[in-house]
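Novice: Just dropping this structure here.
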Amino acid sequence: MSGLIKSSLAKKYWMAATGLFLCLFLVGHLAGNLQLFIPGEEGKIQFNEYAKFMTTNPIVRVLSIVTFASVLFHVIDGIILTVANKKARPQNYAYSKPSKNSIWTSRNMGVLGTIILAFIITHLSNFWYKMKFGSLPVDSAGYTDLHGVVMEAFQSPIYVIIYVVSMVAIGFHLWHGFSSAFKTMGVSHKSYTPLIEKAGYAFSVIIPLGFALIPIYVFLTNS
Amino acid sequence: MNLTLKVWRQQNADSKGEMVTYKVSDITPDMSFLEMIDVLNEGILSGDIEDKQNYGPVAFDHDCREGICGMCSMYINGEPHGPGRAVTTCQLHMREFSDGETIYIEPWRAKAFPIIKDLVTDRSAFDRIIQAGGYVSVNTSGNTQDANALPIPKENADAAFDAATCIGCGACVAACKNSSAMLFTSAKVAQLSLLPQGEPEREKRVMDMVKQMDEEGFGNCTNTGACSVECPKEISLENIARMNREFLRANLTSSK
Ligand code: HEM
Ligand code: SF4
Ligand code: FES
C-alpha cells in the first residue's frame, strides 16, 4: 500500500486524478459561464441567480472544496515532480534536439501550469473574492450583481488579452495532459487509446475556446 | 567525407569535462558511426589528428557492433544513437551525415548514469533494477519443466516478446527530459507479467522494481513519448501504461 503514497508512480496517479477532475470542473464551469451570452436584463438576472446558487448550494460547496483541494494537490505535486525531474539530470546536454522525439507541450507542462496558476489567482481575486467578500450592488431582482462585475472587467482590453492567453495555456496543457492522464492511470489499449487522444485534442480546443469567447464577446458587444 | 566533431572529453568521474573539437577526414559513407570513431582514435594515437589538450583516444562503450548488446551509448547531434530510427550507434551509418557537417557527440546524461570517462557511463543502475525483480524463480533440481509446456495466448506471447527485445541500452533515459527509466523498467515488468511463468511473482516484481528504480534517482515519467521514438528496439509506450496498471493493481491487491 505504501507504494500508493511515496512512489514516483503514486505522485503520477495523484497528478492524473486531480488533473482529470479539474477537466470535469472545467466542463461544469463553462456550462455555467455560457449564460453570459444571454443578452439584456433577462441574462443578467439569470446569471446572478446562478451565481447565488453556486455560492450557497451545499452540494456545490462540497464540489468547490474538492476543486480547491485538487488545484492545491495538483500544484504541489507538480512542483515536487518537476523539481525531482530537474535533479535527475544535474548536467544538461551541450546540444539537444528534443523536438525530434516529442511535442513541445509535453515537455513544458510545468511552464504552462505556472501560467495557469497565475491566471487562477488573478481570476479568483477578480470575481470569486468580490462575490464572496466584496460589497457588490444588487440587480433589479435583488441578486448580488456579479454579472455587472464581469461586464465591467471585460471592458478592459488588457483583461481580455490575459484571459485569452491563459485559455491558450490551458489548451496546450490539456493537448498533452488529457490523454496522458489516462495512460498514467494505466488505461491504455490499442483499440481505444487513439480515441482518447482524439477526444483530448477536441477537449483541449473546444473548452478553452468556449471560455475565451466570453471575454471577447463581452468586449465587442459592450464597447 | 570531412567532418568536424565536437566530443565530450572527461578524464574521470570527478573531473570537469568539456566539448573538444576534432577534424576527421577520409570517412566513407558506408562506415558505421563507431568505425568513424575508430578512425578518429587512430588519428589521435598517430598524431595525424590534432588533440591539443592531450586527452588521448576517446573512451566509448561498444561490444557486439550489431545492435544487440546495447553498449554503444552516444548522444549524437542532440539525439540518443543519432538521427536514425530503430538503430543503435553501431548500426548508424555515416551516409546519414553530409560532407563538412559538424557532429556533436556526448555521453548519456542522467544522475543515475554517472560518467566514468568521456562517453562511457556507469549503467549498473539498470542491473540493480533487474536484480530487484526482473526474473522468474524456477526449480533447477533436475526436473525443470519445458517452458513450452504451458499454453500462452498468441497475443500475450507476441507482446511479451516485443517487450523482451529491450537491450538495456539506456537511450530511453538519455532521451527523456526527466531522465526517467520507465520505458526500460516497464518493458522488463511487462515481459514477465504477460507470461504464466511470471505470475507467482507478479505483484512483488512490479513493486520491488519500481522501488529500485526510484532509489536509483531516475526522474518521473510525463508520457512525452521521447523514449519510445528513440528506442533502438521500438519498445512501445504501452508498456509504461501496463506498468502503471500493474503497480496500481499490485498495491491494491498484494498481501505484502
Ligand atoms: C485548469 C486547471 C488544470 C487542469 C485541468 C490540469 C490538468 C492536467 C492533466 C490532465 C495533466 C496530466 C497528468 C498526467 O500526465 O498524468 C496535468 C499535468 C501537469 N500539470 Fe496540470 N492542470 C491544471 C492546472 C495546473 C496548474 C495550476 C499547474 C501548476 C503547477 C499544473 C502543473 C502540471 C504539471 C507540472 C503537470 C505535469 C506532471 C508530469 O506528468 O510531470 N497544472 N495537468
Ligand atoms: S527500452 Fe529501448 S531505449 Fe530503453 S533500454 Fe530498452 S532498448 Fe534501450
Ligand atoms: S555495440 Fe552492441 S548494440 Fe551497438
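The values are calculated or read from the model by the stated rules, or taken from the named source; none is laboratory data. Because the structure is predicted, anything quoted here is derived from the model rather than measured. All Cβ positions, even for glycine, are placed from backbone atoms using ideal geometry, and neighbour counts span all protein chains on display. Accessible surface areas use protein heavy atoms only, side chains included; no ligands, DNA or RNA. Shrake-Rupley method; radii C 1.70, N 1.55, O 1.52, S 1.80 Å.
Novice: If you wrap region A:33-110's Cα atoms in a convex hull and average its projection over all directions, what's the area in nm²?
Specialist: 8.8 nm²
Novice: Where in region B:8-65 are there trypsin sites (Lys or Arg not before Pro) that are in a DSSP coil and have at most 10 other Cβ atoms within 10 angstrom of their Cβ?
Specialist: Working: sites: B:ARG9, B:LYS16, B:LYS23, B:LYS52, B:ARG65; in loops: B:LYS16, B:LYS52, B:ARG65.
Those that pass, being in a loop and sparsely packed, are B:LYS16, B:LYS52.
Novice: Here's another thing I want to ask about it. Taking A:LYS12 as the anchor, which lysines have their alpha carbon closer than 23 Å to its alpha carbon, excluding any fewer than eight residues away along the same chain?
Specialist: Excluding near neighbours in sequence, the set is A:LYS86, A:LYS87, A:LYS183, A:LYS190, A:LYS198, B:LYS111, B:LYS177, B:LYS188, B:LYS204, B:LYS211, B:LYS256.
Novice: Also: Per residue, how much space in cubic angstrom lies within the convex hull of the C-alpha atoms of chain A?
Specialist: 164 Å³
Novice: When Cβ neighbours within 10 Å are restricted to other protein chains, what is their mean count per residue of peptide A:80-92?
Specialist: On the way: counts 1, 5, 4, 0, 7, 10, 4, 5, 16, 14, 6, 8, 3.
Average per residue, whole number: 6.
Novice: Rounding to the nearest 10 and keeping the result within 0 to 90°, find how far the Cα-based axis of helix B:124-133 lies from the longest principal axis of chain B.
Specialist: 10 degrees
Novice: Over region B:124-253, what per residue volume does the convex hull of the Cα atoms give, in whole Å³?
Specialist: So the per-residue Cα hull volume is 113 Å³.
Novice: Something else about it: From the residues A:VAL75, A:GLN91, A:THR122, which one has its Cα farthest along the dipole of region A:1-136 in the positive direction, the dipole being from +1 and -1 charges on Cβ of Lys/Arg and Asp/Glu about the Cα centre?
Specialist: Result: A:GLN91, furthest along the dipole toward the positive end.
Novice: Another one. Would you kindly state how much longer the chain becomes between A:VAL60 and A:LEU195 on full extension, computed as 0.36 nm times their sequence separation minus their alpha carbon distance, in nm to one decimal?
Specialist: 45.5 nm
Novice: Tell me the accessible surface of B:CYS90 in square angstrom (1.4 angstrom probe, heavy atoms of protein chains only), to the nearest ten.
Specialist: The value for B:CYS90 is about 10 Å².
Novice: Straight-line reach from B:LYS6: which aspartates and glutamates have Cα under 16 Å away, leaving out those fewer than 8 places along the same chain?
Specialist: B:GLU18, B:ASP38, B:GLU50, B:ASP51, B:GLU79, B:ASP99, B:GLU101, B:GLU106, B:ASP118
Novice: For helix A:109-123, report the angle its Cα long axis makes with the longest principal axis of the Cα atoms of chain A; keep it between 0 and 90° and round to the nearest 10°.
Specialist: 20 degrees
Novice: Just by accessible area at a 1.4 angstrom probe, what is the order of B:GLU216, B:GLU101, B:GLU106 from largest to smallest?
Specialist: Numbers: B:GLU216 30, B:GLU101 50, B:GLU106 0 Å².
The ordering from most to least exposed comes out as B:GLU101, B:GLU216, B:GLU106.
Novice: Relative contact order of chain A: what whole-number percent is it, with Cα pairs under 8 angstrom and at least 6 residues apart?
Specialist: Result for chain A is 29 percent.
Novice: Now, a different point. Would you list, by chain and number, the lysines whose Cα falls below 27 Å from the Cα of A:LYS130, excluding same-chain residues fewer than 8 positions away?
Specialist: List returned: A:LYS44, A:LYS52.
Novice: Please report the base-10 log of the normalised intensity I(q)/I(0) for the protein assembly as shown, using a Debye sum with one equal scatterer per alpha carbon and no solvent, at each q in 0.12 (1/Å).
Specialist: Per q value, in the given order, log10 I(q)/I(0) is -1.05.
Novice: Working from Cα positions, state the angle (0 to 90°, nearest 10) between the long axis of helix B:238-253 and the longest principal axis of chain B.
Specialist: Roughly 40 degrees between the two axes.
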